[in-house]
Amino acid sequence: MKYFGLVMSGFMTAAYLCPQAVHAAEIGDLSVSGELTLVNDYRFRGVSLSDKDPALQAALSLEHGSGFYVSAWGSTVDDIAGADVEIDIITGYSHDLGEGRTVDVGLIWYTYPGGNDVNYWEAFSTYAMPLGQGAASVGVNYVWSQENSGNRDNIYVWMGAEHLLGSSPFTLDGYVAFEDGAFAHDKLEWTVGISTEWQGIGLRLGYLDTDQNFREADATVMFSVGVAF
């Protein structure tokens, strides 16, 4: 699933939140995949959008063999301007550069059904490459000045990596990110975690923290469980 640098807040979001392999149904040059995930706290770029309560998340992606794709991702949230659900529509293009390296560019439409004046656009770009028994990625997400961003822009820059722990079924992952602009002021965010797959169920346990001093951005232990289809 091509969904880089979004709800993660950074490093390979969908795989990060739900580390199981993504299953895809092939229809000619098209493939369809999805996943359903339960998290103990929905953190968007280090900040809880579920008031530190569990959240249910789902994703569906349609990809073409040419590299173009469109995806939808959703999560329950805690009263964002009257909304209790977030739905993100993502469209983009992923290009294989060879030797396991890829570049991904696209747009995200963040929507909050029932919310007042909170929907906005964001552009993103990600570069990924193999690294040892894993991979490393860097990316940037940019919100240009819009009415619902307070007529200010916002930039989010991140880098992350994952590494298979020898011949074990466990993968170690982590990332660090910086955000500044309409939605944050010189905010740093980081996480480290370990994930595995058990009988088709993806599991991840991690630690996440920021340098911000408010309740929703406090350090926390993150746990997710998910299935792909």
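What follows is calculated from the coordinates using simple rules that are stated; it is not laboratory data. These numbers were taken from a predicted model, which means no experiment stands behind them. FYI the Cβ positions are ideal-geometry reconstructions off the backbone, even for glycines, and counts take in every protein chain you see.
What the table below lists for this structure:
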| read-out | value |
| --- | --- |
| Pairwise label distance in nanometres, Leu30 with Arg101, each label 7 Å out on the Cα-Cβ vector | 3.3 nm |
| The stretch 13-228, relative contact order [Cα under 8 Å, separation at least 6], % | 17 percent |
| Column: log10 I(q)/I(0), Debye, Cα scatterers of the chain, q = 0.11, 0.18 Å⁻¹ | -0.52, -1.57 |
| Per-residue [θ]222 nm for the chain (sum of -39500 (n - 2.57) over DSSP H runs n ≥ 4, rounded to 500) | -500 deg cm²/dmol |
